[in-house]
Amino acid sequence: MSDVLAGALSLLLATNKTALLNTALVERAGIAVPVNTTNDPVEAEFQAILRLDDRVSDEVERWLDALPDGTEVSAELKARIDGRHEEVRKRYTTFMEKNPKNARAVIAYGSFLGDIGDEFAMADQWEKARAMDPSNPAVWNNLAGHYAHRGPIEKAFPYFEKAIELKPTEAQYWHSLGTVTYLFRRDAGKYYAIDEQGVFKKAFEFYAKATALRPLDFKLASDVAQTWYGVKPATAETDAAKKAAELVVIDSGLGAWTNALRLATLDEEREGVRLHMARWQIKAGRWSEARTHLDGVTNEVHATVKVRIERTWREKQGLPPVTQ
């Protein structure tokens, strides 16, 4: 299953911010550590460490991939992995002791720590790198993503903004800021001093910036469409006006998912979008349209979610449940 598809399914079912963030909506940017072709011995040593880091990462990945499904990592294998990681760690720390002002080494070491699961140590290293080279937008973005996942959340907003200030043409930064603004609406409201509807508007503004830079990005289009689930209809006095306000949100959500459907390149992605569209059509009481979307979902990977939505489709119409 693609990461995008897994994210879409998780978003359909998730009920908390941590689960949403763990679908990788806030992405790390690659922090370039270019190869220097000069004969500088310091640079040569650094490049050798990077090659070792990559080699060990590939090695550990092969060991883990070779395990049969459901098999736990043995104490022996864990010791082997820890030993290889310790070798890389020592090479980085020894190098940084000799070259304490090398910001690229600090960045690379932080990435290594994150790769082996030590996220807080990773963030410590990246904070050091940020202080050493505050002009690197990827470091600001990655730290913002860390604070969005692990807190404090209030640091995520200014860090994303700084990344954007340094590189406003990077769609990923706008995308991530839009996602965090949407997910952490109360915190975003405090940070920007706006109410909830203002937060939605600001999230859409950030997404619009990202979309202008990356108009054919399916994942981005899916995230924009997902945002409509949280938008409340405008306040209205009469039942007719309330219904009209609800339909405005429903049709806007459907329009966003229609755009995502247009950009999908895989059948699994298209079917995942159709599940969302079926949910919106059910909200509108358009039973035949919802049924059409559900009938277009045939892949087994979507079976569980499809059954749940079909159950809702029947309940809303007062139809008896399907008997096995």
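None of Ala264, Ala260 is without any contact (Cβ under 8 Å) to a residue 60 or more places away in the chain, touching a Lys or Arg at 6+ places or on another chain (Cβ under 8 Å) and either surrounded by 15 or more Cβ atoms within 10 Å (Cβ to Cβ) or over 11 Å from Trp313 (Cβ atoms) (or both) except Ala264.
Could you please give the count of residues in the stretch 46-65 that are hydrophobic (A, V, I, L, M, F, W, C) and under 26 Å from the mean Cα position of the chain (by Cα)? Total satisfying the criteria: 2. Can you tell me which residues in the stretch 218-248 are of a type in the set (D, E, K, R) and in contact with a helix residue (DSSP H, G or I) (Cβ under 7 Å, 6 or more places away or on another chain)? The answer is Lys219, Asp223. When the helices (runs of 4 or more DSSP H) confined to the stretch 123-232 are screened for residues that are of a type in the set (Val, Ile, Thr) and within 30 Å of Ile250 (Cα to Cα), those reaching at least 1 such residues are found at 171-183, 196-213, 218-227.
Residue pairs whose Cβ atoms lie under 6 Å apart, sitting 6 or more positions apart in sequence or on different chains, and linking a residue in the stretch 186-206 that is closer than 21 Å to Ala225 by Cα to a partner that is assigned to a helix (DSSP H, G or I) and among the small types (Gly, Ala, Ser), are Val199/Ala188; Val199/Gly189; Ala203/Gly178; Phe206/Gly178. Here Asp124, Asp133 are screened, and the one residue that is farther than 23 Å from Ser222 by Cα, in contact with a Gly (Cβ under 9 Å, 6 or more places away or on another chain) and among the charged types (D, E, K, R) is Asp124. Within the stretch 139-154, residues that are surrounded by fewer than 23 Cβ atoms within 10 Å (Cβ to Cβ) sit with their Cβ atoms under 6 Å from residues that are part of a loop (DSSP other than H, G, I, E, B), at 6+ positions apart or across chains, in these pairs: Ile153/Phe184.
Bear in mind these aren't lab numbers, they're just calculated from the coordinates by the rules spelled out. Only a predicted model underlies this, so the values are computations on that prediction, with no experimental measurement involved. Using ideal geometry, Cβ is built from the backbone for each residue, glycine included, and neighbour counts are taken over all protein chains shown.
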